Every structure is written in C-alpha cells, then in structure tokens.
Amino acid sequence: MSGKEMSKRQIRREQIKRKETRSRIMAIGLISVGALFLAFLFIYPALKPVGAVAEAPAVNRTNVDFNTVGNPDAPIMIEEYSDFQCPYCRIFFTNTEEQLLESYIADGTVYFIYKSFGAFIGVESGDAAQAAYCAGDQGKFWEMHDIIFANQTGENVGAYTSRRLTAFAETLGLNMDEFSSCFNSGKYKDRIDQDAKDGIAAGIQATPSFVMTYTVDGETRTRIIQGAQSFEAFQQEIEAALAEMGQ
C-alpha cells in the first residue's frame, strides 16, 4: 500500500474522530442544558415570590368546633361538600354562608359541617383542605377556610402552593412548627380522601353540594341542595323541613 493511500485513510480516520468528538460535545451540551432546565423547574417555585396575601372578610361564627359551627343538637344538619378551588364554592361563601350563619345557625336551628371533596379539581384542592384541617388543630379551621377562599385566583394555577398556604398560616398567627409538621406529614390526607368517599356515597357529583339531614317521627330524611344557591333557596328548604317536623 502506498504512502499516499495511507495518508488518505489517516485523513478519513481523523475526520471520523473529529465528527465523533463534536457529536459527544453536542450530546454533553444538550444533556447539560436539559439538566439545568429541569433544575430550574424544581428550584423556581421555591424562589418565586409568594405574592401578597389578600385579607379574608370578617365572619362572625359562634359555637365553633374544628370544621363545624352551631349546636350539634340542632334539628337540622347541613353538610357542605366543597372544593377550595371551585369558583362556585367561593360564591356560596361570599354571598350565602353568612346569612345562613345569622338566620339559622346562630339560633340553633342548623348545625353546619364543612367537608372537602378530596382533590376533586386537582392537587391544590387537597393541599388547601389539608391546610384548613391543620389550622383546625389550632382552633382556626374557619379562619383558614376564609383566607383560602379570599385568595382564590383560579383552578390549578399555583394559588395554593405549599408556600402560599404557609403564608396564609403565618398571616393567621399560627404556630408554624405545629402547622408545618401537620401539613408536611400529610396528617389529614386519609380524612380528605374519606370526605370524597362520603360525598360520593351521599350522591354528590359536583361542588358545592349540601346534604341536609333531619328527622320526622323517628325517620331520618335527607335532601341534597346542589350548587351555589341563594340564601332564599336554602331558606325555602330549611323552612320546608321545619314544617315537616312540626316546628
């Protein structure tokens, strides 16, 4: 084989080596960029500003016990199945709940219970419910309930990240060590899952929905009130139940 042929073969080998080297460098570069991008996705939420926390309206509730309000011996019980991300749930909170408190709960006619509907709309729904239940350990379930709704901005848009929910807890003056321990451990995850199961068993298909329970001549009766109904709609249902009971 001539020296000229050897030279050509050597050149080809060198060219192949250079191409392989460039390919490796490009691959390493792409992997590095991808790794940096993934790291950014993980780190950015922790660096992103929490943003201002909107104040919750002052709501007067009497005879509060964790996620309940009113007299447990009241003739009528209403269980709300709700989702903190649900815009219609916020409408009920804003437009109707306080009138119910003033007209039927404060006087002992209605015993009211708030239940989540699990992670119905998304992960943030379950996280917000956990925050409310954890605040309940410190006697501030309803205060957390109110501030969560006051800061609702949409569904699955980051309104209820763990950092935002922690900011709500700080605004309420909770013991942050206790709150963080409760929230981070998922203490109420099973309860939230059970809320959803209870709602489905009761025939709930959407939020907000309300199960009204009362007894007539020893027989338990239930009615489901669907949607963010007006106070007048609740009033009609409550008065009808009272009439059935002869009250």
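Screening segment 57-94 for residues that are in contact with a Leu (Cβ under 9 Å, 6 or more places away or on another chain) and of a type outside the set (Val, Ile, Thr) and picking the one that is farthest from residue 144 (Cα to Cα) gives 75. Every listed requirement among (1) surrounded by 12 or more Cβ atoms within 10 Å (Cβ to Cβ); (2) assigned to a helix (DSSP H, G or I) is met by residue 190 save one, (1). For segment 198-226, the candidate set comprises residues that are part of a helix (DSSP H, G or I) and without any contact (Cβ under 8 Å) to a residue 12 or more places away in the chain; within that set, the residue that is surrounded by the most Cβ atoms within 10 Å (Cβ to Cβ) is 200. Considering 246, 186, 203, the condition of being small (Gly, Ala, Ser) and over 27 Å from the mean Cα position of the chain (by Cα) is satisfied by 246 alone.
I'd like to check something: does segment 72-94 contain any residue that is surrounded by 22 or more Cβ atoms within 10 Å (Cβ to Cβ), among the small types (Gly, Ala, Ser) and either more than 20 Å from residue 212 (Cα to Cα) or not assigned by TED's automatic domain parsing to the domain that holds residue 197 (or both)? Checking segment 72-94: not a single residue is surrounded by 22 or more Cβ atoms within 10 Å (Cβ to Cβ), among the small types (Gly, Ala, Ser) and either more than 20 Å from residue 212 (Cα to Cα) or not assigned by TED's automatic domain parsing to the domain that holds residue 197 (or both). For residue 64, the stated conditions hold: it is surrounded by 15 or more Cβ atoms within 10 Å (Cβ to Cβ), modelled with pLDDT of 95 or more, aliphatic (A, V, I, L, M) and out of contact with any strand residue (DSSP E or B) (no Cβ under 8 Å at 6 or more places or on another chain).
The values are calculated or read from the model by the stated rules, or taken from the named source; none is laboratory data. Since this is a predicted model, take the numbers as computed values, not measurements. Every residue, glycine among them, receives a Cβ derived from its backbone with ideal geometry; neighbour counts consider all protein chains shown.
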